[in-house]
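The values are calculated or read from the model by the stated rules, or taken from the named source; none is laboratory data. For clarity, every value in this text was computed on a predicted model and none was experimentally measured. Heads up, the Cβs are rebuilt from the backbone with ideal geometry, glycines too, and the neighbour counts pull from every protein chain shown. Remember, those area values only see protein heavy atoms, side chains included, never the ligands or the DNA or RNA. Shrake-Rupley method; radii C 1.70, N 1.55, O 1.52, S 1.80 Å.
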Protein chains: 2
Amino acid sequence: MAMVRLTEQIHFIKEIDKVKYIKRKTKLFHSDRHENDAEHSWHLALMAMVLAEHASTSIDLLKVIKMVLIHDIVEIDTGDIFLFDLDKQHSNTEEELKAAKRIFGKLPQKQALEFIYIWQEFEAGVSNEAKFAKALDRFQPVLQNLSNQGGTWTEYDVAYETILEKLAPILTGSETLWEYTEREIETSIREGTLKQ
Amino acid sequence: MAMVRLTEQIHFIKEIDKVKYIKRKTKLFHSDRHENDAEHSWHLALMAMVLAEHASTSIDLLKVIKMVLIHDIVEIDTGDIFLFDLDKQHSNTEEELKAAKRIFGKLPQKQALEFIYIWQEFEAGVSNEAKFAKALDRFQPVLQNLSNQGGTWTEYDVAYETILEKLAPILTGSETLWEYTEREIETSIREGTLKQ
């Protein structure tokens, strides 16, 4: 029985290798090299470990880490959707749910459901854990862009108001991370790296 | 106070971006593309989530995940050491400890110590969590090599006995993963992909 379950689980483990090929728009720190979804998810999990104390509410750290580790797996089927692509809906789409069911569906049935629920809880953004996980997901590209002379904000000429609006989930998850974000963006504007 | 701590933590978060540049000897599934340490660590964390039920003893999953997420960070300073490089010592070296102190030392003091302790517990390989984390760290390249006609085993002409000896930590952490490993390696030998 253990071997039957293990064989199914290994199918899943092989399938998610594809996450390493999904390129994001954002680039590594002080770099021209695009980040992939596996690297991004690893970095978010480390940030969850390091920054948990800054969450606005008490959180279950294990759940936050699980969320950020799996949140982009659906992109194996849907591809990366750029945060500032205003023509596309970014979450809770039928296409993403179909992808979640196909990919997590490789796991033994009860385990597949557990993974789908964690992913849906993240997408819904309502629980304390989802709020903090989403804050981290927005905060990491802020740090990357600030290190790359505005990064994707500059490259795609995103208006200051749009940046702040899209970064609002940071405030929802952590007042401290938001305070840092606002301060650093204002500094970049003052220094001329970012335009207002 | 929160902002002072956050600023230190962000120094650490930026520093570990370098993990994404550290290439391993092993390659992605059915691929010629080398894996990097961030991708590897992400994959191990997912494997911990999925395969926890196969650990030989009860484990604290959060601790296992923390271990695999951080276990290769020291390689920013030491570089990747190939498992089958028999001239090099593979763990508990002075060089690695120095790297751990430098890199984790960017965090606020108490947090830095916590991270160093987790890394040392992994390296020691004595606790239940470390045994299972080490089993996963050995098991992932088995799956990769099996998908790549022997992968690094064939490429570096590693003797069958050496492979089995180096994979022993899999048995220490999980009898089920070991049973699968032995069976798959024997199949590869029978089919001629691997030589005995």
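Both radii come from the Cα set of the stretch B:1-42: Rg as radius of gyration, Rh as Kirkwood radius; their ratio Rg/Rh reads 1.25.
Ranked by solvent-accessible area (1.4 Å probe, protein heavy atoms only, all chains present), the residues A:Trp119, A:Trp178 order from largest to smallest as A:Trp178, A:Trp119.
In terms of accessible area, using a 1.4 Å probe and ignoring ligands and nucleic acids, B:Leu171, A:Leu146 rank largest first as B:Leu171, A:Leu146. Plainly put, the tip 7 Å out from Cα toward Cβ on A:Glu53 is 3.8 nm from that tip on each other copy, the closest given first. Per-residue ellipticity at 222 nm from helix content only, as computed over chain A with -39500 (n - 2.57) for each DSSP H run of at least four residues, stands at -19500 deg cm²/dmol. Estimated translational diffusion coefficient (Stokes-Einstein, Kirkwood radius over Cα pairs, 25 °C, 0.890 mPa s) of the stretch A:107-174: 181 µm² per second. Of the residues A:Lys63, B:Lys98, the one with the largest accessible area comes first in the ranking B:Lys98, A:Lys63, computed with a 1.4 Å probe on protein heavy atoms. Around the amide H of B:Asn36, modelled in the peptide plane, lie the amide H atoms of B:Arg24, all under 5 Å away and 5 or more residues distant in sequence or on another chain. Between copies, the label points of B:Thr78, set 7 Å from Cα on the Cα→Cβ line, lie 4.0 nm apart, reported in increasing order to one decimal in nanometres. Taking the square roots of 5 times each eigenvalue of the Cα gyration tensor of the stretch A:1-88, largest first, gives ellipsoid semi-axes of 25, 21, 13 Å.
Local charge for B:Ala52 was computed over the other residues whose Cβ lies under 11 Å away, with Lys and Arg +1 and Asp and Glu -1, and equals -3. Stokes-Einstein diffusion for chain A at 4 °C, viscosity 1.567 mPa s, with a Kirkwood radius from C-alpha pairs, works out to 74 µm²/s. Note on the protein assembly as shown: semi-axes of the ellipsoid equivalent to its C-alpha gyration tensor, largest first and rounded to whole Å, are 35, 24, 20. All other residues whose Cβ lies under 12 angstrom from that of A:Thr26 are scored, Lys and Arg at +1 and Asp and Glu at -1, for a net of -2.
Mean per-residue shielding of peptide B:47-54 is 5, counting Cβ atoms of other chains within 10 Å of each Cβ. Using a 7 Å projection from Cα along Cα-to-Cβ, the label point at B:Leu164 is separated from the same position in the remaining copies by 6.8 nm, smallest value first. State the Cα centre-to-centre distance between the stretch B:15-91 and the stretch A:1-67 in whole Å. Between the Cα centre of the stretch B:15-91 and that of the stretch A:1-67, the gap is 13 Å. Using heavy atoms of the protein chains and a probe of 1.4 Å, the accessible area assigned to A:Asp37 is about 0 Å².
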